[in-house]
Amino acid sequence: MDPAVSLAVCALLFLLWIRVKGLEFVLIHQRWVFVCLFLLPLSLIFDIYYYVRAWVVFKLSSAPRLHEQRVRDIQKQVREWKEQGSKTFMCTGRPGWLTVSLRVGKYKKTHKNIMINLMDILEVDTKKQIVRVEPLVTMGQVTALLNSIGWTLPVLPELDDLTVGGLIMGTGIESSSHKYGLFQHICTAYELVLADGSFVRCTPTENSDLFYAVPWSCGTLGFLVAAEIRIIPAKKFVKLRFEPVRGLETICDKFKLESQRQENHFVEGLLYSLDEAVIMTGVMTDEVEPSKLNSIGSYYKPWFFKHVENYLKTNRGGLEYIPLRHYYHRHTRSIFWELQDIIPFGNNPIFRYLFGWMVPPKISLLKLTQGETLRKLYEQHHVVQDMLVPMKCMVQALHTFHNDIHVYPIWLCPFILPSQPGLVHPKGDETELYVDIGAYGEPRIKHFEARSCMRQLEKFVRSVHGFQMLYADCYMNREEFWEMFDGSLYHKLREQLGCQDAFPEVYDKICKAARH
């Protein structure tokens, strides 16, 4: 039989199977079939389109010419909303399924959608060491361009599809954050359209209150239309050391010690059980030992967290040289370790060699096709959380994670938190070392109940003056939320800028208690 005919017959049989079983049954019980046959090819097409588009736009320098016109269009939409009586809150018109957050933004259906088509890199100024970008520029775009001309961001969060706007209005972190802080701390200017349609630029010295209030505000103070971000010279490789460590106290002591060493460009830990971890430290370099070169980002390579786990299993340290862009996106192909639940055989060498070049599926497409039943199942039986706690509380925090949700591996990422105004800052007046504890997966405790377990974890994080990343499900009530975050500057600016009738309060936008 002709191969094309065979493929058509198989596709027909598959569609008949879906019709008999029902699409929801297939999406829930055999999701890997749908992901492999449909979402992987579709994700590849998306990636190719956006890569070619970004390259063409930058080469033709059309983005800077069109940027001001696009901003004026946003201002016009806001003024028209105001003229029509400001009947509902405003939000960006970007569909909720396109965001990396697993939360479904139902407010998109009830709020006034302001269309913001701003997805280009506007300018790279190597003299000022600044890149100016629009809010929908992704980390994949940034690394592809900057690395090719010998530059990079001091903090470049992991997943390709994370956008600059999301990382500013929410937050972003990477293994270089012990030196540079969160993503907001490498930004030098924001440009916004406010609730009255006016345009404003803010920096640490110009409109400084707004500059410090924007991060973590989730688009509730204005529409971000551009940002200026620091860049630093890049080198070709990361010289990465792997060290297996056992015993929780020893793990925490070692992790804190490496996080305080400024000569380390990168520090990261993967915790595989309460007392087993691999701590990685890296420095950028142009020199390489060919025998130790590992292009970990190649499609046929083992998933990074599985590769790291081998150092733990063999109880030996190691040294590797990883190409810089491969290092930045080391967890992208496996979406940290979430893909093992979607494609259980995804790390199998045969699958990697045959189909690994299409991995990963777009998170946005996974959201779009999950259906209400699967979403509720994920909500009740799956955890995706990042909690930011002071490094001095790390032992206690990991015990709490173990007892409340028991999810492994756990991602450990240190960061320095400056004492600055805004929603998030240390308790005292001095800069403090924090750690991001990232838990992604299926809880292994008996009788896990999402709401009660997460409220218990949130209570602990508040007690140590920690913070919960706002992309994840949040179960706090309003009083608890504003106990965790400092809303003094935020609420003052919402009143000054007339935001109460224009944008929902950040709590109402993201917390489950406010949305149900």
Query raised in the report: Whose amide H sits under 5 Å from the amide H of ARG94, counting only residues 5 or more places off or on another chain, with H placed in the peptide plane?
Result: ILE116
Report task. Determine the calculated [θ] at 222 nm for the chain from helices alone, applying -39500 (n - 2.57) to every DSSP H run no shorter than 4 residues and normalising by the residue count; nearest 500 deg cm²/dmol. Result -> -11500 deg cm²/dmol
Query raised in the report: Using a basic spin-label model with each label point 7 Å from the Cα along Cα→Cβ, how many nm lie between VAL464 and ILE350?
Result: 4.5 nm
Requested in this report: For region 118-227, just list the percent of Cα-Cα distances falling in each 10 Å bin from zero outward, please.
Outcome: 15, 50, 31, 5, 0
Query raised in the report: Got a sec? What order do ILE350, ILE296 fall in by accessible area at 1.4 Å, biggest, i.e. largest, first?
Result: ILE350, ILE296
Query - Share antiparallel - DSSP beta bridges, the chain, percent rounded to 5 - result: 95 percent
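Give me the percent of accessible area attributable to carbon and sulfur for the chain, probe 1.4 angstrom.
Values: 12490 of 22760 Å².
Answer for the chain is 55 percent, counting heavy atoms of protein chains only.
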Report summary line: Karplus-derived 3J(HN,Hα) from phi for region 452-464 (6.51 cos²θ - 1.76 cosθ + 1.60, θ = phi - 60°), whole Hz, x at Gly and Pro, runs 5, 5, 6, 5, 5, 5, 4, 4, 4, 4, 4, 5, 9
Query raised in the report: What accessible area, in Å² to the nearest ten, does a 1.4 Å probe give for TRP482?
Result: 50 Å²
**Report entry** Area of ARG330 that stays accessible when all protein chains are in place (1.4 Å probe, Å², to 10)
**Finding:** 10 Å²
Report task. Give me the accessible area per residue for the chain, probe 1.4 Å, as a whole number in Å². Result -> 44 Å²
Query raised in the report: Which value, in Å to one decimal place, does the Kirkwood hydrodynamic radius take for region 123-165 when every pair of different Cα atoms is included?
Result: 10.6 Å
Query - Alpha carbon Rg of the chain, scaled by the compact-globule rule 2.2 N^0.38 Å - result: 0.97
Query raised in the report: ARG53 to ASN310: extension gain in nm, 0.36 nm per residue of separation minus the Cα-Cα distance?
Result: 88.6 nm
Requested in this report: Determine the gain in length on full extension of the stretch LEU257-GLN496; use 0.36 nm per residue of separation and subtract their C-alpha separation, reporting nm with one decimal.
Outcome: 81.6 nm
Query raised in the report: Which three lengths, in whole Å and largest first, does region 259-407 cover when its Cα atoms are put on their principal axes?
Result: 51, 44, 27
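The values are calculated or read from the model by the stated rules, or taken from the named source; none is laboratory data. None of these values were measured; they are calculated from a predicted model. Cβ coordinates were reconstructed from backbone atoms using ideal geometry, including for glycine residues, and neighbour counts include every protein chain displayed. We work out accessible area using only protein heavy atoms, side chains counted, and drop any ligands, DNA or RNA first. Shrake-Rupley method; radii C 1.70, N 1.55, O 1.52, S 1.80 Å.
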